[in-house]
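The values are calculated or read from the model by the stated rules, or taken from the named source; none is laboratory data. Keep in mind the model is a prediction, meaning the values are calculated, not measured. Please note: Cβ atoms are built from the backbone with ideal geometry, for glycine as well, and neighbour counts cover all protein chains shown.
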Amino acid sequence: MQFGADHVVVRVPATSANLGPGFDALGLALALYDELEVRIVASDDVVVEVYGEGAGQVPTDEEHLVVRALRHTLDAVGMPQTGLRMRCSNLIPHGRGLGSSAAAVVAGVIAARALLADPRVLDSRAVLGIATQFEGHPDNAAPAIMGGATVAWQDADGPRAVGLDVDPSVVATVLVPDARLATSRARAVLPEAVPHADAAFNAGRAALLVEALARRPELLWEATEDRLHQQYRAGVMAASSELLRALRAEGFAATVSGAGPTVLVLTPKDDVRALDQVLAGLVDGLAGWRVLRPGVDTQGARARRVASASSGVTPSGRVQ
Ligand SMILES: Nc1ncnc2c1ncn2[C@@H]1O[C@H](COP(=O)(O)OP(=O)(O)O)[C@@H](O)[C@H]1O
Ligand SMILES: N[C@@H](CCOP(=O)(O)O)C(=O)O
């Protein structure tokens with residue numbers, strides 16, 4: 001296998017996972033993107049420029065998450081490694097529960113795929129498999145790859161996902177605090193086991209959520225109730241937990257986005273004005289929070305070749 005391009009551009013959406021009851025399974029892609037340019041260069045070096053979210057914070061060498069995912073993918077398809085120059089323009093906030101790490105991993109995998117002479121060696125199931133190896137759970141990677149809402153699951157053959165319908169009248173509002181919380185920390189506070197009644201409760205709500213998202217947005221409040229993770233995480237995201245409680249008490253389908261601390265609110269279009277009034281009334285409570293209404297992304301991750309491998313890629317994959 002050879003490289004088929006030496007310059008690709010990649011765009012990956014933010015994602016909100018869990019959506020309340022669908023812990024590690026449900027997710028929704030949001031039209032808020034990280035965009036990357038990746039070039040193969042004629043050296044063994046890695047040069048990474050980062051603009052926007054994560055600038056001055058994430059590593060700019062081999063430890064950069066996109067670079068790690070890209071290199072892992074080249075290894076997985078038997079390609080030799082190469083020098084890289086990467087320019088990242090990031091809009092997805094880090095450590096907030098909007099799937100930044102999944103977006104970075106998916107970006108690396110699909111950038112590697114787009115660089116290959118035959119990108120078909122990696123289908124979207126293989127992309128999901130690699131991304132899930134990095135993430136440990138597939139619920140962000142699936143909508144980041146596919147767009148829209150997804151349900152993902154894992155079996156002996158690895159992770160899989162299918163798309164779900166989303167009624168066009170469903171509006172996603174995300175309330176993003178200044179404070180960060182690493183997903184690993186928010187997972188560490190979860191119990192080993194939960195009461196059977198709580199598991200049954202969530203199974204029913206998650207099933208209802210599929211219907212509420214697709215056709216019955218008026219059921220979103222009931223459908224986003226959760227007993228598997230949010231209550232256990234309240235101690236590591238007190239402000240988000242309080243905001244969640246206040247919004248749900250007002251009848252809005254608020255959930256913790258991913259592992260938090262961002263709060264996601266799903267509303268039928270007709271309720272957006274009422275939500276804005278409630279949010280305006282919380283002015284002090286929302287100091288330091290960003291209120292975003294990005295829209296639902298329906299395309300998922302995209303990669304585009306800017307140049308074919310005209311710079312002299314040898315059969316060994318080295319750039320001359
Ligand atoms: N675009 C990116 N480029 C490099 N590293 C990233 C990027 N996005 C996320 N990361 C890494 O992932 C971490 C955040 O991951 P995580 O704790 O899972 O939170 P999130 O909910 O944002 O995915 C960041 O602190 C950073 O180390
Ligand atoms: N199901 C995961 C989702 C993590 O999402 P992130 O955006 O916070 O990385 C969890 O709840 O831990």
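Give me the pairs: first residue in the stretch 229-254 and in contact (Cβ under 8 Å) with a residue 40 or more places away in the chain and not assigned by TED's automatic domain parsing to the domain that holds Ala203, second residue part of a helix (DSSP H, G or I) and of a type in the set (A, V, I, L, M, F, W, C), beta-carbon distance under 8 Å, and six or more apart or on different chains, which are they?
Pairs found: none.
Give just the number: which of (1) of a type in the set (S, T, N, Q); (2) surrounded by fewer than 23 Cβ atoms within 10 Å (Cβ to Cβ); (3) within 11 Å of ligand 1 (Cβ to nearest atom) does Asn140 not satisfy?
(2)
Looking at the stretch 61-84, which of its residues are surrounded by fewer than 18 Cβ atoms within 10 Å (Cβ to Cβ), in a loop (DSSP other than H, G, I, E, B) and not hydrophobic (A, V, I, L, M, F, W, C)?
Asp61, Glu62, Glu63, Gly78, Pro80, Gln81 - these are the residues of the stretch 61-84 that are surrounded by fewer than 18 Cβ atoms within 10 Å (Cβ to Cβ), in a loop (DSSP other than H, G, I, E, B) and not hydrophobic (A, V, I, L, M, F, W, C).
Give the residues of the stretch 143-176 that are within 16 Å of ligand 1 (Cβ to nearest atom) and either in contact with a helix residue (DSSP H, G or I) (Cβ under 6 Å, 6 or more places away or on another chain) or part of a helix (DSSP H, G or I) (or both), sorted by residue number.
Residues satisfying the conditions are Pro143, Ala144, Ile145, Ala152.
For the stretch 95-119, how many residues are among the charged types (D, E, K, R) and more than 16 Å from ligand 2 (Cβ to nearest atom)?
Result for the stretch 95-119: 2.
Going through the stretch 217-258 one residue at a time, which ones are within 16 Å of ligand 1 (Cβ to nearest atom) and outside any helix (DSSP H, G or I)?
Once the filter is applied, which keeps residues that are within 16 Å of ligand 1 (Cβ to nearest atom) and outside any helix (DSSP H, G or I), the stretch 217-258 yields His229, Met237, Thr255, Val256, Ser257, Gly258.
Have a look at Thr132, Thr173 and point out the one that is among the β-branched types (Val, Ile, Thr), under 26 Å from Met1 (Cβ atoms) and at pLDDT 95 or above.
Values: Thr173 fails: under 26 Å from Met1 (Cβ atoms).
After ruling out the rest, the residue left standing is Thr132.
Can Leu181 be described as in a loop (DSSP other than H, G, I, E, B), within 16 Å of ligand 1 (Cβ to nearest atom) and over 16 Å from Pro21 (Cβ atoms)?
On the way: in a loop (DSSP other than H, G, I, E, B): yes; within 16 Å of ligand 1 (Cβ to nearest atom): yes; over 16 Å from Pro21 (Cβ atoms): yes.
Here the answer is yes, as Leu181 does meet what is asked.
Pro217 is checked against (1) surrounded by 14 or more Cβ atoms within 10 Å (Cβ to Cβ); (2) closer than 22 Å to Gly97 by Cα and fails just one. What number does that condition carry?
Going through the list (1) surrounded by 14 or more Cβ atoms within 10 Å (Cβ to Cβ); (2) closer than 22 Å to Gly97 by Cα, Pro217 breaks only (2).
Among the residues of the stretch 91-135, count how many are more than 11 Å from the chain's Cα centre (by Cα) and either away from ligand 1 (no atom under 14 Å from the Cβ) or of a type in the set (Val, Ile, Thr) (or both).
Final tally of qualifying residues: 23.
Would you please name the residue that is surrounded by the fewest Cβ atoms within 10 Å (Cβ to Cβ), looking only at residues in the stretch 111-125 that are touching a helix residue (DSSP H, G or I) at 6+ places or on another chain (Cβ under 6 Å) and farther than 24 Å from Ala156 by Cβ? Break it down into steps so the answer makes sense when it comes.
Restricting attention to the stretch 111-125, the residues satisfying the condition of being touching a helix residue (DSSP H, G or I) at 6+ places or on another chain (Cβ under 6 Å) are 111-113, 119, 122, 124.
Checking the rest, the ones that are also farther than 24 Å from Ala156 by Cβ come to 111-113, 119.
Numbers: Ala111: 26, Ala112: 29, Arg113: 26, Pro119: 18.
Taking the candidates together, the pick is Pro119.
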